[in-house]
Amino acid sequence: MKIMIAQPYYWTDPMKGEFEVEIESILEANGDCYVRINEQVTKPAGGGQAGDKGILIIDEKEYGFIDTKLHDEKTVLVMKSSPARKGKALLKLDMSWRRAMMTNHTAEHIFVGVMKKKYPELILGWIWVDGVHGTVVLEGKVIPLEEILGTETKVNRLIHDEVAVTTKVVSAADVDESVRAREGVTSKNDAIRLVNVGEFDSSACSGIHVTNTRDIRAFKITDVKAQEGNTHIEFVTGEIAVANLVETYNIALTRKYSYPYEIEQLGAILDKSKTLQISYGEAVDKILQLMREGPNKEQLETVTFWHEYLQGFEISTLRHLIKELKLTEPSVTLFLTSGKKTNIVLWTKGMPKDAAHYITDIVESLGGRGGGSADAYTGGFTEVENPQELFLMIVEKVRKRILE
Ligand SMILES: [Zn+2]
């Protein structure tokens, strides 16, 4: 059944940007000016989309409007300065804002459509689309980043495939399960406007859309956050997405020649940089502790046993250091470093037995491996969950061994 309802211009001809309008009233309140016009030509804010922006031209003078609202079924333009008079005016829309709302909003349909196919249990929460970017909150699940980036690829494929986006007004009774609609939409309205992205997605919507997915040009996720069990996603489309990608790529490209690396390695470099930053912080903490409390030395009968847990340090640095330390005789010195790997070194000076005697089987019994010369032993562990706990266990066992 076909139903006739009044269709505003922004539904039937969203690319028309100029209109003759009649200003019916002008009201100033709270520092803004509200100008009511008789024609429904601008899109009011609502349904998760911002309102139109543009200018009114009256007697060759321009007055900008920054938003459009619907008040008592009438179109109201929000302005910063009051027009000189009521009556006839020429209205010009900010078409780059309008176009970006159309591409952002249509991309949102496709993105949510892909997500809902993958996770039917998801609920579409808060949405916001304006002439800059889009925000979508998917409720009921924290979706892994890789899944969302995979969806981004699918959205871009649908853009590349140049799929027609069509709209039709149908009776609410004709809307079935295959249509995505907000809770209660079909019971509150007699007529429903359907927006179809080819065969791919159908949803009930009163917003503005492009007529072909090719007009979106590009879809780029710019942020993904987990929020109280929901997933919050930000994205951009069109010229803004392209500019964003170019800018990001060029930052990497500029650095490519100041720090030699290939762009494909960027992820690994960022990971490495983060690891180094963490190690630096840990090493500083350890240095401060040493300055505060002094070295961790204990006297076991005649033997001086020195043991330090050195998070954030490199084992090679310690090998250099040990040569410069003035160790007493007899002594056993045990250092454990933890970073990506957990390494252990043990030096002896003036002890009756080789370094290996005090440590080899202890390290092996705890799942590590190592070896060394008469007075130095080096070993390591992989995938240690709690290196500090491991260190305390080793210290305890070495202490017993020295006292044997
Ligand atoms: Zn829509």
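Values for this structure:
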item: 222 nm mean residue ellipticity, helices alone, for the chain (DSSP H n ≥ 4; -39,500 (n - 2.57); rounded to 500); result: -10500 deg cm²/dmol
item: Cβ-Cβ FRET estimate between Glu396 and Leu266, R0 fixed at 56 Å, reported to 0.05; result: 0.80
item: Long-range Cα-Cα pairs in the stretch 229-304 (distance over 15 Å), rounded percent; result: 76 percent
item: Dipole magnitude of the stretch 1-145, debye to nearest 20 (Cβ charges: Lys/Arg +1, Asp/Glu -1, about Cα centre); result: 480 debye
item: Helix 387-403 axis, angle to the chain major axis (alpha carbon atoms, nearest 10°); result: 10 degrees
item: Residue-wise HN-Hα coupling along the stretch 240-257, computed from phi with Karplus coefficients 6.51, -1.76, 1.60 (Hz; x: Gly, Pro); result: 5, 5, 5, 4, 4, 5, 4, 4, 5, 4, 5, 4, 5, 5, 5, 5, 3, 9
item: Relative contact order, percent, the stretch 283-403 [alpha-carbon distance under 8 Å, six or more residues apart]; result: 21 percent
item: Per-peptide average of other Cβ atoms within 10 Å, ordering 352-362, 208-218 highest first; result: 208-218, 352-362
item: Cut-off 12 Å between beta-carbons: net charge of the residues surrounding Phe200, Lys and Arg +1, Asp and Glu -1; result: +2
item: 19 Å Cα-Cα threshold exceeded, pairs from Lys340/Lys397; Lys141/Lys225; Lys323/Lys349; Lys118/Lys141; Lys286/Lys340; Lys326/Lys349; result: Lys340/Lys397
item: For the stretch 117-133, 3J(HN,Hα) per residue [Karplus equation, 6.51 cos²θ - 1.76 cosθ + 1.60, θ = phi - 60°, Hz, x = Gly/Pro]; result: 5, 7, 10, x, 6, 5, 10, 7, x, 4, 10, 9, 9, 9, x, 10, 8
item: Rg and Dmax of the chain, Cα atoms only, in Å; result: 34.0, 106
item: Two-site FRET efficiency, Lys117 against His320, from Cβ-Cβ distance with R₀ of 60 Å, rounded to 0.05; result: 0.55
item: Relative contact order [Cα under 8 Å, 6+ residues apart], the stretch 9-93, whole percent; result: 35 percent
item: Karplus-derived HN-Hα couplings along the stretch 55-63 (A = 6.51, B = -1.76, C = 1.60, θ = phi - 60°), whole Hz, x at Gly and Pro; result: 9, 10, 10, 10, 6, 6, 9, 9, 10
item: By average C-beta atoms within 10 angstrom, highest first, the peptides 76-86, 126-136; result: 126-136, 76-86
item: Rounded to the nearest 20 debye, dipole of the chain from Cβ charges on Lys, Arg, Asp, Glu; result: 480 debye
item: Cα-based Lys proximity count in the stretch 9-93, under 18 Å, for pairs eight or more positions apart or on separate chains; result: 21
item: Signed unit charges on C-beta, dipole axis of the chain, positive-most listed residue Ile251, Gly379, Ser171; result: Gly379
item: Listed peptides 327-335, 234-242 by packing density, highest first (mean Cβ within 10 Å); result: 234-242, 327-335
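Values in this text are rule-based calculations from the coordinates and carry no lab data. Keep in mind it's a predicted model, so treat the numbers as computed, not measured. For neighbour counting, all protein chains shown are included, and Cβ atoms are generated from backbone atoms with ideal geometry for every residue, glycine included.
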